[in-house]
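The values are calculated or read from the model by the stated rules, or taken from the named source; none is laboratory data. Since the model is a prediction, treat every value here as computed from it, not as a measurement. Here Cβ is always computed from backbone atoms with ideal geometry, including for glycine, and neighbour counts include all displayed protein chains. Only protein heavy atoms, including side chains, enter the accessible area calculation; ligands, DNA and RNA are left aside. Shrake-Rupley method; radii C 1.70, N 1.55, O 1.52, S 1.80 Å.
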Amino acid sequence: MTELENAIRLRRTFAIISHPDAGKTTLTEKLLLYGGAIHLAGSVKARRAARHATSDWMKLEQERGISVTSSVMQFEYDGYHVNLLDTPGHEDFSEDTYRTLVAADSAVMLLDNRRGVEERTRQLFDVCKKRRIPIFTFVNKCDRAGEDPLKLISDVEADLAIKCHPVTWPIFRDGTFVGVYDRRRALIHLFSRDEEHGAHRAEVKVGSLDSKELHALLGPESHAQLVHDITLLDEAGHPFDHDELLAGELSPVFFGSALTNFGLEPFLKEFLELAPPPLPRESTIGTIQPTDPAFTGFVFKIQANMDPKHRDRVAFVRVCSGKFEAGMQVNHVRTGKPLRLSAPQQFMARERTAITEAWPGDVIGVMDRGVLRIGDTLSNDGDLEFQGIPRFPPEHFARVIVKDPMRRKQLDTGLRQLTEEGAAQVFFTSGTDTTSPTPIVGAVGLLQFDVMLFRLETEYGVPCRFEPFAGRYPRWVVGPVEDIERVARGQGTTLLFDAKGNPLLLFQDAWALRWAQDKEKTITFLETAP
Ligand code: G4P
């Protein structure tokens, strides 16, 4: 096996998707604990502070207690090199999450054992399903009473139209969660709880289902219930099928508690074995295999001013094929210009470490002087481009009013950079004149506006205010200019142009949008940017 093949075999790149409060922060922290990347998980009191320390950069995030930007965390476990792509917790930053999911090879769907599938879980699940990436399910908070596991699973199946195959099953003693049964290995894991909310790894005893010890521990009733459940799953449940998993049609399910560390180790072991290594990617010249020797990658995220002391900008590149080496000269396909990727780094939230090499599945941060954009392909062989990262139309629009008109230049710079990072979308009322007095910004979620205002003021020195702008039903449109302009003259309809000059029509209500879609046969209405 070549060095490249071996590196690919041992790499896993995934993201966790969940509804707020399901326990994503806790689980992330515990995976890092088990992966040896941190040595003590935050105790209850330290947790709030620790939460920000691990994945939040901006002061605003700390003030508002939300995680705005996503980061990448690496750890080693069982010989695997794991890249965990963190996604923002708040739904207003869902665009960032969508882009991050494009860089992942699998996803872990985290559910609260009382709530099952919630709204945001469903949205993110849909994005994964469209990409046909494998989705694993982790049912969290089993340390406290929740929905019956069998019912929970059948609800997930009905709700998301996916088959579920429990890989681990919770073991209860008189209603108390004491361990999990690993069905693939036919092993019982019994945990003991520490008094520090899982600051350390949970102590575990491993045994078999019919061991005397388990009988004694559970008592006849709980033991009989467990055997009954497992027999039922074996006989009536969906059998495990690796192809169905890879196609995103079957989800392996795990039970546990991120807070008490119960069930995390069996989950990690099975997950790393079952999850796919870096996947092939579609490009303009066909499928690129990770084993292709030429280095290729794409930018899925740009983060400016991560460190207030150095006003810099970092582009996060997902390596798709070949070996990356520091100082490598690559082709920046969009501009056709060569680009030297110096000082590449890996990230653990704020911590940066210089790296000399990276392999498919890895994410590297490269210093960017304003050349790179989200979706850009880098390659040291040929002109391929990876399939674009979808850009969703904003749901909210606002006019930018600069408090000091003399600072217009700084405003333009700020807006341009925020757009390149994907933190804002800017629109103009003319397709050719991008100096219209009041640019219009768009956001998928309202909190994004707060972030824009904060960053325009603190990073670019342009205090502004935003004036809400009507029109909540946007579509990018492609078609004859005169037809688009005619539709735009309709009552309550507005024509805007994005930073690339693509026309976007805003309708006053869903009805007006539907009417135009039905009537205008020469115009194509697009839900993502062309
Ligand atoms: P999020 O990132 O998905 O929003 O969730 P987060 O980890 O912040 O967890 C949300 C709440 O759920 C926290 O409680 C956390 O302690 C709790 N939690 C996470 N995992 C488990 C688990 O396995 N069992 C139980 N019982 N609770 C869990 P909180 O009261 O909001 O915060 P804190 O006071 O614990 O910091």
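Points to keep in mind about this one:
- Among residues of the stretch 375-390 being surrounded by fewer than 21 Cβ atoms within 10 Å (Cβ to Cβ) and under 17 Å from the mean Cα position of the chain (by Cα), the one that is farthest from Ala326 (Cα to Cα) is Pro390.
- When Val366 is tested against (1) modelled with pLDDT under 90; (2) out of contact with any Leu (no Cβ under 8 Å at 6 or more places or on another chain), exactly one condition is not met: (2).
- Filter result for Phe469 (under 29 Å from the mean Cα position of the chain (by Cα) and in contact (Cβ under 8 Å) with a residue 12 or more places away in the chain): no
- Within the stretch 234-264, tally of residues that are within 16 Å of the ligand (Cβ to nearest atom), assigned to a loop (DSSP other than H, G, I, E, B) and among the aliphatic types (A, V, I, L, M): 2
- No other residue among Arg311, Arg281 is at pLDDT below 95, open to solvent by 30 Å² or more (accessible area, probe 1.4 Å) and away from the ligand (no atom under 16 Å from the Cβ) apart from Arg311.
- Considering each residue of the stretch 107-125 in turn, none proves to be over 20 Å from Val253 (Cβ atoms) and either open to solvent by less than 50 Å² (accessible area, probe 1.4 Å) or free of Cβ contacts under 8 Å to residues at least 24 places away in the same chain (or both).
- Within the stretch 265-278, the only residue that satisfies the criterion of being within 16 Å of the ligand (Cβ to nearest atom) and under 19 Å from the mean Cα position of the chain (by Cα) is Leu268.
Conditions (1) closer than 28 Å to Lys24 by Cβ; (2) crowded, with 17+ Cβ neighbours inside 10 Å; (3) not charged (D, E, K, R), marked per residue:
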{"position": "Gly219", "(1), (2), (3)": "no, no, yes"}
{"position": "Ser222", "(1), (2), (3)": "no, yes, yes"}
{"position": "Leu226", "(1), (2), (3)": "no, yes, yes"}
{"position": "Ile230", "(1), (2), (3)": "no, yes, yes"}
{"position": "Asp234", "(1), (2), (3)": "no, no, no"}
{"position": "Pro239", "(1), (2), (3)": "no, no, yes"}
{"position": "Ala247", "(1), (2), (3)": "yes, no, yes"}
{"position": "Pro252", "(1), (2), (3)": "yes, yes, yes"}
{"position": "Leu264", "(1), (2), (3)": "yes, yes, yes"}
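- Filter result (part of a strand (DSSP E or B), within 11 Å of the ligand (Cβ to nearest atom) and in contact with a helix residue (DSSP H, G or I) (Cβ under 9 Å, 6 or more places away or on another chain)) within the stretch 109-128: Leu110, Leu111
- Test result for Leu40, more than 9 Å from the ligand (Cβ to nearest atom), touching a helix residue (DSSP H, G or I) at 6+ places or on another chain (Cβ under 9 Å) and either in a helix (DSSP H, G or I) or at pLDDT below 85 (or both): yes
- Every listed requirement among (1) over 30 Å from Ala294 (Cβ atoms); (2) surrounded by 14 or more Cβ atoms within 10 Å (Cβ to Cβ); (3) modelled with pLDDT of 80 or more is met by Lys409 save one, (2).
- Where strands (runs of 3 or more DSSP E) sit wholly within the stretch 433-530, those with at least 1 residues that are open to solvent by 10 Å² or more (accessible area, probe 1.4 Å) occupy 464-469, 473-478, 494-498, 503-507, 524-526.
- Breaking point among (1) without any contact (Cβ under 8 Å) to a residue 60 or more places away in the chain; (2) surrounded by fewer than 20 Cβ atoms within 10 Å (Cβ to Cβ), for Val402: (1)
- Within the stretch 1-22, the residues that satisfy the criterion of being surrounded by 22 or more Cβ atoms within 10 Å (Cβ to Cβ) and near the ligand (Cβ under 8 Å from one of its atoms) are Ser18, His19, Ala22.
- Among the residues of the stretch 119-166, those that are acidic (Asp, Glu) and under 17 Å from the mean Cα position of the chain (by Cα) comprise Glu119, Asp126.
- Within the stretch 139-152, the set of residues being out of contact with any Leu (no Cβ under 9 Å at 6 or more places or on another chain), touching a residue at least 60 places away in the same chain (Cβ under 8 Å) and farther than 11 Å from Arg114 by Cβ comprises just one member, Pro149.
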